[in-house]
Amino acid sequence: MDATTIAESIAEMLRARLTEGDHIQVGEVTRVFGGNARQAWSATATWNASGDPRSEEVILLVRRAASQVRTDPRSELAVLDGLAERGVRAPRVWGQDPDGYLLGNPA
């Protein structure tokens with residue numbers, strides 16, 4: 001996977017999740033090293049939400065093909081969303097690709 005593919009995939013996930021977001025751009029994609037179950041990438045995502053500019057640092061986790069992790073990412077992300085909605089400090093979920101449609105493996 002290259003930085004352009006990662007940026008395009010993150011933008012696509014954001015488009016699916018941000019119903020009122022437009023002018024979505026993703027840049028500054030950098031491979032983050034560590035862990036053996038998933039590849040990690042950091043990026044900066046920008047968009048307009050109801051006319052206001054937004055910018056967020058995001059992390060994309062992509063399951064490796066030979067990963068020992070076999071959980072359903074939809075469940076993991078639902079838990080994270082639920083925690084955040086209840087005021088618990090948890091990572092914000094900006095998007096997901098649970099079936100690996102964009103990147104070949106769940107992300």
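Over the chain, what percent of the accessible surface lies on carbon and sulfur atoms, probe 1.4 Å? If you can, show how the numbers build up before the last one.
On the way: 3360 of 6720 Å².
Answer for the chain is 50 percent, counting heavy atoms of protein chains only.
For region 14-28, putting each phi into the Karplus relation 6.51 cos²θ - 1.76 cosθ + 1.60 with θ = phi - 60° gives couplings of 5, 4, 5, 9, 8, 5, 10, x, 9, 6, 6, 9, 10, x, 6 Hz, in residue order, rounded to whole numbers and with x for Gly and Pro.
Placing unit charges on the Cβ atoms only, positive for Lys and Arg and negative for Asp and Glu, gives region 1-76 a dipole magnitude near 460 debye about its Cα centre.
The 3J(HN,Hα) values that the Karplus relation (6.51, -1.76, 1.60; θ = phi - 60°) gives for region 79-84 are, in residue order, 5, 4, 4, x, 4, 4 Hz. Gly and Pro appear as x. Placing unit charges on each Cβ (+1 for Lys and Arg, -1 for Asp and Glu) gives the chain a dipole about its Cα centre, and among Ala90, Leu61, Thr71 the Cα reaching farthest toward its positive end belongs to Thr71. Using a Gaussian network model of the chain in which every pair of alpha carbons under 10 angstrom is joined by a spring, one finds that among Thr71, Thr44, Thr30 the greatest mean-square fluctuation is at Thr71.
The phi torsions of region 88-103, fed into the Karplus equation with coefficients 6.51, -1.76 and 1.60 and a -60° offset, translate into couplings of 7, 5, 8, x, 6, 8, 9, x, 7, 9, x, 9, x, 4, 7, 10 Hz, rounded to whole numbers, with Gly and Pro shown as x. Across Leu60, Leu80, the residue with the most accessible area heads the list, and the full order at a 1.4 Å probe is Leu80, Leu60. For region 1-64, the solvent-accessible area works out to 59 Å² per residue, with a probe of 1.4 Å and every protein chain left in place. Of the peptides 94-107, 10-23, the order by per-residue mean of other Cβ atoms within 10 Å, starting with the highest, comes out as 94-107, 10-23. Calculated mean residue ellipticity at 222 nm for the chain: -8500 deg cm²/dmol, from DSSP H runs with n ≥ 4 weighted as -39500 (n - 2.57), summed, divided by the residue count and rounded to 500. When both region 82-99 and region 1-78 are represented by their alpha-carbon centers, they are found 13 Å apart. Which residue, Val26, Val62, Val79, tops the fluctuation ranking in a GNM of the chain built on C-alpha contacts under 10 Å? Top of the fluctuation ranking is Val79.
The values are calculated or read from the model by the stated rules, or taken from the named source; none is laboratory data. For clarity, every value in this text was computed on a predicted model and none was experimentally measured. Here the Cβ is made from the backbone with ideal geometry for all residues, glycine too, and neighbour counts use every protein chain on show. For accessibility, only protein heavy atoms count, side chains too; no ligands or nucleic acids. Shrake-Rupley method; radii C 1.70, N 1.55, O 1.52, S 1.80 Å.
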